[in-house]
Every structure is written in structure tokens, then in C-alpha cells.
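Chemist: The structure is given below, and queries will be raised subsequently.
The values are calculated or read from the model by the stated rules, or taken from the named source; none is laboratory data. Note that the structure is a prediction, hence the values are computed from the model and not measured. All Cβ positions, glycine included, derive from the backbone under ideal geometry; neighbour counts span all protein chains shown. Calculation scope for accessible area: heavy atoms of the full protein, side chains included, ligands and nucleic acids excluded. Shrake-Rupley method; radii C 1.70, N 1.55, O 1.52, S 1.80 Å.
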Amino acid sequence: MRVLNYLELADRLERSGIATSVDHQRRALADTDVSVLTTPWADGHPAWALGGNLAFDDPIFREYDVAHCNMIGPGSVAVARHANRNDVPLVLHAHVTREDFAGSFRGSNLVAPALGEYLEWFYSRADLVLCPSEYTKGVLESYPVDAPIRSVTNGVDTEPLTGFESFREEYRERYDLSGMTVFAVGSVFERKGLTTFCELARRTDYDFAWFGTYDDGPQGSKTVKRWTSDPPENVTFTGWVEDIRGAYGAGDVFLFPSKVENQGIVVLEAMACGKAVVLSDIPVFREYYENGHDCLICEDEAEFEAALERLEADPELRERLGENAQRTAREHGLDRVGEELVAAYEDVCGVDQSPV
């Protein structure tokens with residue numbers, strides 16, 4: 001089976017969770033019988049005539065049995081229309097929702113309602129919509145999206161994390177971190193709990209570090225600019241780090257007070273590294289993780305503060321949560337991602353999966 005696994009604007013999304021998820025898909029499919037194409041275009045990238053009929057003529061597109069698109073822009077729309085016109089099964093991966101777009105960039109809250117209408121139209125073009133969680137499935141059904149929807153974990157790739165422990169001293173010295181270090185990983189957005197992160201730092205004496213890029217230009221939100229330009233004394237915003245293993249090596253307690261997530265790959269990465277994880281009480285975390293077993297789940301700043309105090313006072317609790325978290329992460333390995341994707345492709349192609 002030849003499958004197009006397409007990530008529009010891949011170069012601009014290189015540091016995003018979407019790109020990481022797509023990389024997981026492709027790595028997982030490499031161990032299956034699926035042959036993966038990463039571009040739909042027959043002759044390079046036609047940067048061109050999306051507004052004209054040429055974009056939808058067969059010579060522009062390569063041949064594949066299933067089209068799987070991971071973004072929502074004009075290139076993906078062209079692929080979707082071509083697939084619909086030529087009876088090519090179409091799978092659309094819902095990495096973007098109205099809810100998780102809000103609170104990301106300057107003006108994103110104003111754009112989010114119109115985005116929701118567009119996503120309802122676009123995702124409804126699919127023969128099957130994939131999304132990272134049952135929570136996200138419910139969000140899409142509420143729009144409503146007129147297509148079958150199935151949840152498939154984003155998974156976690158442990159290979160790039162191998163040897164993270166060896167980076168501990170280097171990165172702690174580089175960012176002047178000591179004691180029990182509370183950390184986050186990923187792009188700095190208010191949606192990901194930036195204000196809570198910083199307010200907790202103000203209320204405690206721990207070192208806090210956020211490993212990830214932030215936008216201090218015109219597209220950056222006022223909240224991000226305020227906190228990153230004048231952070232509490234015990235907070236470090238590192239910006240881009242060349243090796244993510246340094247983040248997971250330097251930090252001790254992974255704090256992720258996100259307001260909205262479709263899954264949160266960085267949570268699985270922290271778990272795979274055996275870190276104690278402290279999460280906000282939102283539906284997707286309740287879906288995948290168990291409070292007191294592989295994480296601590298908190299409703300407000302007071303609970304977050306109490307959780308950090310518990311973890312500092314009880315190293316054995318940190319160790320137990322980390323060990324259980326590693327087991328949870330293993331349940332989201334790339335082998336599972338590959339199996340679920342192949343099953344999805346076979347379904348849209350009408351392949352009989354019943355045992356012989």
C-alpha cells in the first residue's frame with residue numbers, strides 16, 4: 001500500500017508538536033508494509049497556482065492509495081479535493097482545533113471562532129479523521145465534523161532521548177540550576193500554563209526552567225512578552241536548546257499546567273525519562289494518566305504548590321511516580337502507532353481485517 005503522509009509547511013513547523021507527531025507516524029510506518037510518500041507533487045513543490053484548475057489536474061499529483069494530510073492549509077485542501085475527485089481514500093489528522101489554537105499567538109482568540117467553522121468544513125471532507133485522544137474526538141464531534149473520527153495516540157519515540165542523564169551537569173551549570181528543578185518543555189504559550197508556571201515560581205523557592213522557543217516579535221502575545229522579558233528571579237526561559245536531552249536531564253519535576261491539550265507529546269517524553277510529572281486537571285490528562293499513580297493532577301495554583309512541596313519532601317514518591325510513568329510511556333510506543341495507522345488505512349481502503 002502506498003500512502004501519502006503529507007505535512008504542509010514542514011520547514012516552518014520543524015520545532016512544533018505537529019512535526020514531532022508526523023515524525024512519529026513515519027518512523028512507525030517504516031516498520032510496516034506501508035510505502036510512505038511525503039509529498040503529493042509529481043514534480044517538486046508547485047508554489048504556484050492553487051487558485052487555478054491546474055492544481056487539481058492529475059499530472060500535478062503523484063499516485064498513492066491513501067492520502068493522509070496532517071495540516072489544514074491550501075496545499076492540504078488541494079490534496080483533499082484531488083482525493084475526493086479521484087476516489088482516493090482521504091485521511092485527515094486533526095492536530096489543530098479551535099480550542100487549542102486559542103491562546104497561542106497574538107490575536108489567536110479573535111481568529112479561533114472563524115477557524116472552527118473552517119475546520120468543520122475541512123475535516124468533513126475526510127473518509128476518516130484521526131485525532132490524538134477521545135477528548136479531541138468529542139471536540140470535533142461538537143463542531144460537528146461530518147466524518148468518522150478515530151483517536152490514535154501521537155506516541156513517543158524514546159530513541160532520541162537515549163542518554164539524557166549524561167547531559168544533567170552540563171545543562172544545570174549552563175542555566176544555573178540547583179536543587180529540585182521544576183521544568184517545562186516546548187514552545188512558550190499562555191495556553192500551556194505560562195502564567196501559572198511563573199506564579200508558582202513566585203510562591204516557591206525552587207528553580208524553574210522552561211526549555212523552548214518563545215516569540216518576542218509582532219506575533220508574540222502580550223502575556224508571553226511580559227513574562228519572558230521580566231521573569232521571576234527563579235525562572236529561566238532558555239529559548240531553543242540544541243539537544244532536547246539536556247532539558248530532560250537537567251529537570252527533576254515536569255510541570256505542565258496547560259489549559260488545553262489534544263494529548264501533549266512532551267508529557268509522554270518526560271514520562272519516558274522517568275520524571276515525576278505534575279499536570280493540570282483537564283480531560284485529556286484524565287483520559288491517559290492516573291492521579292497518584294503515574295502523575296499528580298492539580299486543579300489550581302494551591303494544589304500545584306502542594307504537589308511540588310510533596311515531591312520535594314518525598315524523594316521516594318518522585319521515584320515511584322517516575323517508574324510508573326515510564327511504564328505508561330511504553331504503552332504509547334511507535335509499534336502501537338504503526339499498528340493503529342495501518343488499521344486506519346486498511347479501513348478506508350475496505351481491506352478485510354477479520355482473522356482467517
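Chemist: If you scan region 242-253, which residues turn out to be open to solvent by less than 40 Å² (accessible area, probe 1.4 Å) and touching a helix residue (DSSP H, G or I) at 6+ places or on another chain (Cβ under 6 Å)?
Modeler: If the condition is that a residue be open to solvent by less than 40 Å² (accessible area, probe 1.4 Å) and touching a helix residue (DSSP H, G or I) at 6+ places or on another chain (Cβ under 6 Å), then Gly246, Tyr248, Gly249, Ala250, Val253 are the ones that fit.
Chemist: While we're looking at this one, here's another question. Pairs needed: first member in region 319-336, of a type outside the set (Gly, Ala, Ser); second member anywhere, open to solvent by 100 Å² or more (accessible area, probe 1.4 Å) and not in a helix (DSSP H, G or I); C-beta distance under 9 Å; at least 6 residues apart or different chains.
Modeler: Listed pairs, sorted by first residue: Asn324/Glu290; Thr328/Glu290; Leu334/Asp31; Asp335/Asp31.
Chemist: Is there a residue in region 150-170 that is open to solvent by 20 Å² or more (accessible area, probe 1.4 Å), farther than 19 Å from Glu269 by Cα and not in a helix (DSSP H, G or I)?
Modeler: Checked region 150-170: at least one residue is open to solvent by 20 Å² or more (accessible area, probe 1.4 Å), farther than 19 Å from Glu269 by Cα and not in a helix (DSSP H, G or I).
Chemist: Gln219 fails exactly one of the following numbered conditions: (1) part of a helix (DSSP H, G or I); (2) more than 30 Å from Ala313 (Cα to Cα); (3) out of contact with any helix residue (DSSP H, G or I) (no Cβ under 9 Å at 6 or more places or on another chain). What is the number of that condition?
Modeler: (1)
Chemist: Being of a type in the set (Asp, Glu), in contact (Cβ under 8 Å) with a residue 24 or more places away in the chain and closer than 25 Å to Arg286 by Cβ: is that true of Glu134 here?
Modeler: yes
Chemist: So which helices (runs of 4 or more DSSP H) stay within region 225-303 end to end and still have 3 or more residues that are in contact with an Asp or Glu (Cβ under 8 Å, 6 or more places away or on another chain) and within 18 Å of Glu134 (Cα to Cα)?
Modeler: 283-288
Chemist: Could you list all residues from region 296-328 that are within 17 Å of Gly193 (Cα to Cα) and either surrounded by 20 or more Cβ atoms within 10 Å (Cβ to Cβ) or in contact with a Pro (Cβ under 9 Å, 6 or more places away or on another chain) (or both)?
Modeler: Those that are within 17 Å of Gly193 (Cα to Cα) and either surrounded by 20 or more Cβ atoms within 10 Å (Cβ to Cβ) or in contact with a Pro (Cβ under 9 Å, 6 or more places away or on another chain) (or both): Leu296, Cys298, Glu301, Phe304, Ala307, Leu308.
Chemist: Out of the residues in region 20-65 meeting the condition of being at pLDDT 55 or above and among the aromatic types (Phe, Trp, Tyr), tell me which one is surrounded by the fewest Cβ atoms within 10 Å (Cβ to Cβ).
Modeler: Trp41
Chemist: Which one is nearest to Leu321 (Cα to Cα), of the residues in region 266-291 that are open to solvent by 20 Å² or more (accessible area, probe 1.4 Å) and under 13 Å from the mean Cα position of the chain (by Cα)?
Modeler: Glu269
Chemist: Residue check: is Gly350 more than 21 Å from the chain's Cα centre (by Cα) and not in a helix (DSSP H, G or I)?
Modeler: Answer is yes for this residue.
Chemist: Residue pairs, Cβ under 9 Å, 6 or more apart or interchain, first in region 1-29 and under 17 Å from Val66 (Cβ atoms), second aromatic (Phe, Trp, Tyr) and assigned to a strand (DSSP E or B). List them.
Modeler: Within 9 Å, the pairs are Leu4/Phe61; Val22/Tyr6.
Chemist: Do we find that Val224 is closer than 15 Å to Phe189 by Cβ and either modelled with pLDDT of 95 or more or under 20 Å from the mean Cα position of the chain (by Cα) (or both) in this structure?
Modeler: yes
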